[in-house]
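Inspection log for the structure reproduced underneath, given as structure tokens.
The values are calculated or read from the model by the stated rules, or taken from the named source; none is laboratory data. Values in this document were obtained by computation on a predicted structure and should not be read as measured data. Neighbour counts are summed over all protein chains in view; Cβ atoms, including those assigned to glycine, are modelled from backbone coordinates with ideal geometry. Note: areas computed on protein heavy atoms with side chains; ligands, DNA, RNA excluded. Shrake-Rupley method; radii C 1.70, N 1.55, O 1.52, S 1.80 Å.
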Amino acid sequence: MAAAGAVAVKVRALVPGADVALIERVLNVHDAPSNTTFVCVGDEISTEGQEGFLRGHGTQVVDGKLVATVCGVVERVNKLIYVKTLNSRYNAEQGDVVVGRVADLAGKAWRVDLKSRQEAKLLLSAVHLPGGIQRRRNAEDELNMRSFFREGELISAEVQSVHADGSVALHTRSAKYGKLVCGQLLEVPPNLIKRQKQHFHTLEALGVELIIGCNGLVWVAPLRPDRLAAANAAAGGGAGSAGADEDEAAAAAPPPPPSRMQLEVVCRMANAIRVLTRLYMPVYPASIMATYEAAVEGEVALADMMEPGFLEAVVGQEAQRRSSAMQE
Amino acid sequence: MRPIELELGVIAQAAGSARLHIGATDVIVGVKVEVASPSPFAPTQGRLGVTVEFSPCASPVYQGRFGETYGEQIAAAIEASLAPSTRAGGAAAAAAAPANGGAAGASTSATATAAPTPSASGPSWGLDLGKLCISAGKTAWALYVDALVLNDDGNVVGAVSAATLAALVDTRIPKVEVTTDAAGEEEIELDDSPGAAWRLDVSRVPLVVTVAQVGSQCVVDLAAPEERCSSSALHVAVNRAGQVCGATSSGRAGVEASMLLAMTETAQRLAPGLWEQIMRFLQSPAR
Amino acid sequence: MEFVSPEGLRLDGRRPRELRRINCQLDVLSNADGSAIFEMGNTKVLAAVFGPHAVTRRSELREEGALVVCEYSMAAFSTGERRRRGKGDRRSTELSMVIRNTLEQAVITELLPRSQIDVYVQVLQADGGTRCAAINAAVLALAAAGVPLRDLVAGCAAGYLDGTALLDLNYTEDSGGGPDLCVALAPRLDSLYLVQMDNRLPVDTFQAVMELAREGCRTISGVMRAALLEHTQRLAVARGITAAV
């Protein structure tokens, strides 16, 4: 005696590897002749008589031969030979925009979890202070560290430097970096993220803010006036004092609660990213928007975006995009 | 609720088994049967044992003994939903359960409401353990339900409950012949032929539905990030007729009295439809 | 009991030097960095790798290389006779250590200082050769997680019953009272990362059994390699790294 209006739960067969089979089928994995070299652990990499080659990541020398230590694709760039892995933890590079969670406080720094090999450090001296003025950090600042960021909070930051032992130093020396609240966090394999010029995307038309962390953590949130102001300030670089005053006023006012429509847009974006993650497809603004728009045009309900029907549509769309790109 | 994906017969050596996905939550339930001696308190009944284990494959958090207590609590709730006759009085409530991972903080226990009436042919709900008896007082089947959680994306209790139902449907128990030899000793002979196995009657087995409190709303089937936002939850065992067969509460905050009724009613509305959907799938040739 | 018939057939119909059917599945758990299921006949083992990530107990942090943590557990429904194994029973603890030692030799730990790699092995079905299957599942999971390995290590067991060297013993053969030799081999380096033997074995027979086990390792490593390459190719195409035309 199910109540009227109750939505029936879908129960269907579990097919292990269904997603993978879908990719294989639609993207013609097996038919694809390609001149990329795939290697597995222990495979020999031909050095093609290259004299004086440089050995990069994913390789080792055994008995004078170059051997792969990971599974992936062999890349040759000038004299550098290395193996690009398709799945690995994030390796920080200077200038990367990252999203991380504060793990704990230690002395004058926060330890931030970037889902990488080690935790990163954010020094008190590297944090953007309100008022935008540079001043020396004093003892009071040190005791009040928790007023900036507490354990468990989410922040966006930039990689200041990577040391020889792999430890990473972060900074938030711009208004656009800092605490992230009221939004959705998605974990994406870092290999699906391409390093681009811009990682902060304010989509005003949709009312959404998108931060694509190079470490695979992606943030989607309703766009708030103070965040828009921060983005404009960062982009404008202080052009026009009148504009700056307006922005500051907007930043000072408490943000209005997001509307239902805004929340739905955020959910749809988040789901679009989840779909791309499941299909092992790269995550960047164009692909996210393409998936988002496909869902809107196809009038796919939010909850149905993860269903096999929509997944197939997305893979199909990608196959088409590639074949038309081929033809050009 | 998120869509459920089921696969039967995943463990070749088990009498019955099922693997269930809901969201990214992944559980395997294996049912094994062994010939054993019945409990002296219930000589005409078989035995039932339920265990729930969290594999460290789900998360490094579950390494070592962490997660053992949580598993035991879920097992107790599932066992209570399967075997009413092992407790005095028929309609019983499972003991209160603290929050996930054994965090400190007591919580209240809820008693069952609207208990189904016992019928002459067997227990009021759950499995008929009398059917597991082979030779009264001497031998009976011991039924072991072992659940293994491979991935936790929320609603583990619901997943284990649904997977248990599926595994029980998949279970085949060999026919047994009891012969008495010349010396008056009883001999058990198992008929291993495939056609001779019999299946359990699961028509009265309830499903456990978890209803959680998030803010002031009742929400079902919480994903892992959502679970962290909820303060308390009620796990309600409801049978296909919509009757409540047991309830357990959990969570750091207590369940508000006003919410209790709403939560129970939510579970009562949801469970029968879920039961029908699962059984329909299990009986269809598609599986 | 006769383990090898006069025609040279074993209890399950295999020849003495024949492996059971192998099946490898990759990326089976969404939460882990790398995961795999390795099946050998009725033995089925799941492995999950988390890491490399920050060391959980700072006192154990190693400057020279990664810390490898391993736990082996058997599901209650995995064995023929259901045994409720509490975690921390002696066999599981011993196997956790053995597998950890084997994997630590295979992982190029020097490349990942001050980090930790968690490897969890869960036996879903046990029908002999579980420790070898566990090692194989773990190696597949490590490769899927992008952890650098010295070689594609594979494990295999062999024994000696009814005067014949037998490859890949199942549970019944394992319980036959004969010797059981478990070996993990790095095929390219031709290096043995694990040698474990139960029961006594005369030296000349030992040679034959050892050689058989090593051969088995090589074959298994080849099957694992094929599975990993196929998986890599799939991921690459999906990611658009290769041009699919």
Handout entry: Wholly within the stretch C:129-245, helices (runs of 4 or more DSSP H) carrying at least 3 residues that are without any contact (Cβ under 8 Å) to a residue 40 or more places away in the chain and within 21 Å of A:THR59 (Cβ to Cβ)
Key = C:203-239
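Mind telling me which of the residues C:VAL55, C:VAL28, C:VAL45 ends up being among the aliphatic types (A, V, I, L, M) and facing chain B (nearest Cβ under 9 Å)?
C:VAL28
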Exercise for the section: Answer yes or no: is there a residue in the stretch B:149-169 that is of a type in the set (A, V, I, L, M, F, W, C) and modelled with pLDDT under 90. Expected result: no
Handout entry: Residue list for the stretch B:254-271, restricted to those being free of Cβ contacts under 8 Å to residues at least 40 places away in the same chain and among the small types (Gly, Ala, Ser)
Key = B:ALA257, B:SER258
Exercise for the section: Could you check, for the stretch C:196-204, whether at least one of its residues is open to solvent by 20 Å² or more (accessible area, probe 1.4 Å), farther than 24 Å from C:ASP12 by Cα, touching a His at 6+ places or on another chain (Cβ under 9 Å) and of a type in the set (S, T, N, Q)? Expected result: no
Fill in the blank from the handout: Subset of the stretch A:293-328, residues open to solvent by 50 Å² or more (accessible area, probe 1.4 Å) and acidic (Asp, Glu), comes to A:GLU293, A:GLU297, A:GLU299, A:ASP304, A:GLU312, A:GLU328
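Applying the selection to the stretch C:115-137, what residues are away from chain B (no Cβ under 11 Å), more than 17 Å from B:PRO56 (Cα to Cα) and either under 8 Å from the mean Cα position of the chain (by Cα) or open to solvent by 10 Å² or more (accessible area, probe 1.4 Å) (or both)?
Matches in the stretch C:115-137: C:GLY129, C:THR130, C:ARG131, C:CYS132, C:ALA133, C:ASN136.
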Handout entry: Qualifying residue in the stretch A:132-154 (condition: within 14 Å of another protein chain (Cβ to nearest Cβ) and not in a loop (DSSP other than H, G, I, E, B))
Key = yes
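Could you grab me the full set of residues in the stretch C:141-180 that are within 13 Å of another protein chain (Cβ to nearest Cβ) and either open to solvent by 30 Å² or more (accessible area, probe 1.4 Å) or among the small types (Gly, Ala, Ser) (or both)?
Scanning the stretch C:141-180 gives C:ALA141, C:ALA143, C:ALA144, C:ALA145, C:GLY146, C:ARG150, C:ALA154, C:TYR171, C:THR172.
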Handout entry: Single match in B:VAL205, B:VAL211 (criterion: under 15 Å from B:LEU165 (Cα atoms) and either surrounded by fewer than 20 Cβ atoms within 10 Å (Cβ to Cβ) or more than 13 Å from chain A (Cβ to nearest Cβ) (or both))
Key = B:VAL205
Problem - Residues satisfying the stated conditions in the stretch C:181-228, i.e. hydroxyl-bearing (Ser, Thr, Tyr) and within 14 Å of chain A (Cβ to nearest Cβ) - result: C:SER191, C:TYR193, C:SER221
Exercise for the section: Read through the list (1) open to solvent by less than 40 Å² (accessible area, probe 1.4 Å); (2) away from every other protein chain (no Cβ under 11 Å); (3) modelled with pLDDT under 90, then give the number of the only condition that C:GLU60 fails. Expected result: (1)
Fill in the blank from the handout: How many residues of the stretch C:28-42 are buried (at least 24 other Cβ atoms within 10 Å of the Cβ) and under 22 Å from C:GLY155 (Cα atoms)? The answer is 5
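Conditions tested, residue by residue: (1) β-branched (Val, Ile, Thr); (2) more than 10 Å from the chain's Cα centre (by Cα); (3) modelled with pLDDT of 95 or more.
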site: C:VAL139; (1), (2), (3): yes, no, yes
site: C:ALA143; (1), (2), (3): no, yes, yes
site: C:VAL147; (1), (2), (3): yes, yes, yes
site: C:CYS156; (1), (2), (3): no, no, yes
site: C:TYR160; (1), (2), (3): no, yes, no
site: C:GLY176; (1), (2), (3): no, yes, no
site: C:PRO179; (1), (2), (3): no, yes, no
site: C:ASP190; (1), (2), (3): no, yes, no
Fill in the blank from the handout: Exactly one of B:LEU168, B:LEU234, B:LEU148, B:LEU222 is surrounded by 18 or more Cβ atoms within 10 Å (Cβ to Cβ) and in a loop (DSSP other than H, G, I, E, B), and that one is B:LEU222
Handout entry: Number of positions in the stretch A:108-118 that are part of a loop (DSSP other than H, G, I, E, B) and under 19 Å from A:ILE212 (Cα atoms)
Key = 2
